[in-house]
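A short write-up of the structure that comes next.
Please treat every number below as a calculation from the coordinates, not as lab data. Everything numeric in this text was worked out from a predicted model, so none of it was measured. Please note: Cβ atoms are built from the backbone with ideal geometry, for glycine as well, and neighbour counts cover all protein chains shown.
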Amino acid sequence: MSRTPTPRNLRPSPPSVSSVVELNVGGQVFTTTTDTLRKVPGSRLAEMFSSSASACKDAEGRFFIDHPGTFFHPILDYLRSGQVPIQHIPKVYREAQFYAIQPLVKLLEDMPQIFGEQVSRKQFLLQVPSYSENLELLLLLSRAEAVGRRTSEVVVCVVSSEEQAAQCAELIYYLASKKIPVVKFGPCKLGCDRKDLLRCLEIDIKARGYQVSCGTYNDVSFKHLYPHLYQQYFCYQVESPFCVFTFIWW
């Protein structure tokens, strides 16, 4: 019995073959396959190489991604073999976020470098009211004080209670009257030593490209004007809420 041949347009399509492609990522050239780039559905690379996507190409016909390619190798290695990077973790983490490779993002978030920043430090800073605003004010004052000088200084006062804030108010007012810039943090009930807050400030200031150091602040004029507070805060009976950030400009 003869069988009617199946029309050509109704026959099942042969399995698609992964194509070798060249990528130009910010001027660096990489060779891989479309299967590798589509490995994580929903990622920016998978979308770029989906059938409906219209990808940008350079003059040589390579697929172009207008983004630095410095840390694209670890991204490609993860897509190829599932290899999790062990170097330059914060930078690779930002790349994984950029390309929306969520499985890699989650793996990196469990690593100490990212866990410490994203979970531990951020949760600590949530205890500090107006941290970001005060950081910006600190930088603004440091720049204002830098005109015609090699270094500039900004006094930082960290108070842990309303009572301590009231005690320090006179000292802060006195410093302001002498045109000494002061930024007050708190009152905040820090779950850790106040030195952790100063360390956070130093990390964030240096991340902006500034050269800065933090040291003890001791104004001897306090001794005569506010002897009780001087004795309390500057004779090492308790930890002083005052410190100074010194910026070096040249």
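Here are the numbers:
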| item | result |
| --- | --- |
| Amide N of the stretch 72-87 lying under 15 Å from the label point, which is placed 7 angstrom from the Cα of residue 44 along Cα→Cβ | 72-76 |
| Pairwise label distance in nanometres, residue 137 with residue 91, each label 7 Å out on the Cα-Cβ vector | 3.6 nm |
| Distance in nm between pseudo-label sites at residue 210 and residue 189 (7 Å out along the Cβ direction from Cα) | 3.0 nm |
| Scattering curve values for the stretch 106-192, log₁₀ I(q)/I(0), Debye with Cα scatterers, q = 0.22 Å⁻¹ | -1.06 |
| DSSP-assigned coil residues among trypsin sites (Lys or Arg not before Pro) in the stretch 151-193, each with at most 13 further Cβ atoms within 10 Å | 178, 179, 189 |
| Test item: Cα-centred dipole of the stretch 26-104, Lys/Arg +1 and Asp/Glu -1 on Cβ, debye | 140 debye |
| Cα gyration tensor category, rounded, prolate or oblate, for the stretch 26-85 with a/c compared to 1.5 | oblate |
